[in-house]
Amino acid sequence: MSPSLPGLRFRLFGFPVTIGVDFLLISVLLGFGARPGLLLIEWVVVVAVSILIHELGHAFVLRHYSLRPEIRLWGMGGLTISGFALPPRKSILVSLAGPGIGIPVAIVVMVIRPWLPQVDPIWTIANDLVAINLFWGLLNLLPLGGLDGGNVVTNLFVLAMGERGRRPGMILVAIASLVIAALAAVVGFVYLTIVILFFAVFNPEPYLALWNKISGKRQTPVAGGLPSLRLDAAPTKKAKSAGAGARIDTRRGKNRPAVVVASESRRVFGEVYAEVIAGGAGGAGGAGGAGAELDLSELEDRPEPLLADVIGMVGRRDDATLASRLATETDPLAVLGIVARVVDAGRVSQVRDALARGRAGDRVPGLLKLQVGLHALGRFEDSIAAAASLGDAGGSGSVVLEARSAARVGDRKRTAAALERAIGLGAATLSEAALGDLARVGPDARVGAALARLRGTAPEV
C-alpha cells in the first residue's frame, strides 16, 4: 500500500492533506463487526480526525521552521512530509509535537465527558476520541521503527555522538521494536504486533542496520528522516535565507550536504522528463510534442510513492536490481524518488555502471531516467556522466540535456560539443528552460554558433 493510491484531497490550515483509500479501508476493517450501521461511519471519521490531529502537531512545528509540509493518512497511520530533514534537536521537537497535541486532546475530552449526554453517537464519539488519541499518542512515544519515538531515540544518539551515532540509535530502535512486537504477541495484543510489522516494511533501515551488525556485513549509509523524495540533509544558512521555495544547487562535499526543495525539483524534473523521456528514447528534446501528455501540475501536487522495495535494494547494495527497477518504472514521480534514494545513498556511479553493463533492454531507458533525475536534483556532473554512458543512444533530447548540465557547471567546451552533437542528431528547437540553462555558460562563440543553427532559438549567448 502506498500514499500514492487514490484518496480524498483537501487543504486544512493551509496544509495539503490526502486521506488515502487504503487508510479508509483499513479503518473500516478494524471497526467492521463491532460497529453496526452508522456507528461504523462514526468510527472511520473519528479515526481519521484523530490521526489528522496528530499529524497537524508535526505540521505546525514544521511550519514554524519555515517549511511547507504535506499530510497523508495512509495504510495504518499518517505521515507528515516536509522539504528538509531537520537537525536533530528540531527533528525531535517535530516528532514530539504529534503526541504532544493528540494526548492533550484525549485528556480534554476525558475531562468534559462526564457532562456530555450519554446517548449515541455523542457518547461513542467521546469515547473513541479518548481511546484513539491516547493510544496513538502513547504508541508513538515508544521507540519503534517508523514512528515518532524511534526517530527521537535515533536523534538523541546523533546529538550525543554526532552523525556516527545514527546507526547505533537505529540498532537500538530495531531491537526495541522486535522485543515489543514479540511481547505484544505473547500477551495477545496482536494488533500492536501487526502495526510494528507494517511500519517495519516501509521503514526497514533500523532492521537493516541491525542485520548488518549481526552478520558482520559492511555497513552502508542509511538516510535519516521519513521516506521522501528530498535528499535527507539539514538546511544550510544559504537555504534558510533563500526561503522554503528556493532551490539550492549543491554537490556533496565536506559540510556541504545536498539540499533539494521538493516543489522546485519536481517542476524541473517534470519539464525535462517531458522533453527527454515522455516521447520515448531518442526523443527530439523540443519544447512541445511529448510533453503534452505529461500533466506537470499533477506531477507537482500528487503524493509520491514510499518505494519500500527501493529502500531495501539500497540497503542491500543490490545495484543490479535497483538499476532494472529504475529502467522499468513508468510513473515519473516514482522515477524521481528512485533517483533521489540512489543519490542519498551515494550509489549513483554503481547504479549507472549496472545499467551500462546490464540487460540491453534496460540500458537506454534506465540511463535516460537516471540522467533526467540527476539533473533535476542538481547533480549536474553525475547527470553528464550518465549522458556519457548513453552516448548518442539517448537521442537528441539526452544530448541537449547534457549541454544544459554542462552549462550549469560552467563547462563551455562540453556545452558546445554537446550542442553540436544534438544538432547532428536532429535537434531543431530548444525550450525556454533549456535556453535559460545554456545562458548560464556566458558568451561563447562556439555555443553561439550552435544556437544560431537551431530554429526558434533566442539570440546568441
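Name every residue in the range 348-395 that is surrounded by 16 or more Cβ atoms within 10 Å (Cβ to Cβ), among the basic types (Lys, Arg) and part of a helix (DSSP H, G or I), in order of residue number.
352, 363, 369 - these are the residues of the range 348-395 that are surrounded by 16 or more Cβ atoms within 10 Å (Cβ to Cβ), among the basic types (Lys, Arg) and part of a helix (DSSP H, G or I).
Return a yes/no flag: does the range 127-144 have any residue that is under 18 Å from the mean Cα position of the chain (by Cα), in a loop (DSSP other than H, G, I, E, B) and surrounded by 22 or more Cβ atoms within 10 Å (Cβ to Cβ). Walk me through it before giving the result.
In the first step, residues of the range 127-144 are kept if they are under 18 Å from the mean Cα position of the chain (by Cα); the result is none.
For the range 127-144, residues under 18 Å from the mean Cα position of the chain (by Cα), in a loop (DSSP other than H, G, I, E, B) and surrounded by 22 or more Cβ atoms within 10 Å (Cβ to Cβ): absent.
Does residue 326 satisfy the criteria of being within 20 Å of the chain's Cα centre (by Cα) and either crowded, with 19+ Cβ neighbours inside 10 Å or at pLDDT 90 or above (or both)? Break it down stepwise before answering.
Numbers: within 20 Å of the chain's Cα centre (by Cα): yes; either crowded, with 19+ Cβ neighbours inside 10 Å or at pLDDT 90 or above (or both): yes.
It is true that residue 326 is within 20 Å of the chain's Cα centre (by Cα) and either crowded, with 19+ Cβ neighbours inside 10 Å or at pLDDT 90 or above (or both).
Checking residue 34 against (1) in contact with a strand residue (DSSP E or B) (Cβ under 9 Å, 6 or more places away or on another chain); (2) not in a helix (DSSP H, G or I), which test does it fail?
(1)
If you scan the range 328-347, which residues turn out to be of a type outside the set (A, V, I, L, M) and part of a loop (DSSP other than H, G, I, E, B)?
329, 330, 331, 346, 347
Here is a yes/no grid of residues against (1) more than 21 Å from residue 202 (Cα to Cα); (2) of a type in the set (Phe, Trp, Tyr):
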{"residue": "150", "(1), (2)": "no, no"}
{"residue": "156", "(1), (2)": "yes, no"}
{"residue": "166", "(1), (2)": "no, no"}
{"residue": "181", "(1), (2)": "no, no"}
{"residue": "191", "(1), (2)": "no, yes"}
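Farther than 23 Å from residue 189 by Cβ and more than 22 Å from the chain's Cα centre (by Cα): is that true of residue 157 in this structure?
yes
The values are calculated or read from the model by the stated rules, or taken from the named source; none is laboratory data. These figures come from a predicted structure and were not determined experimentally. All Cβ positions, glycine included, derive from the backbone under ideal geometry; neighbour counts span all protein chains shown.
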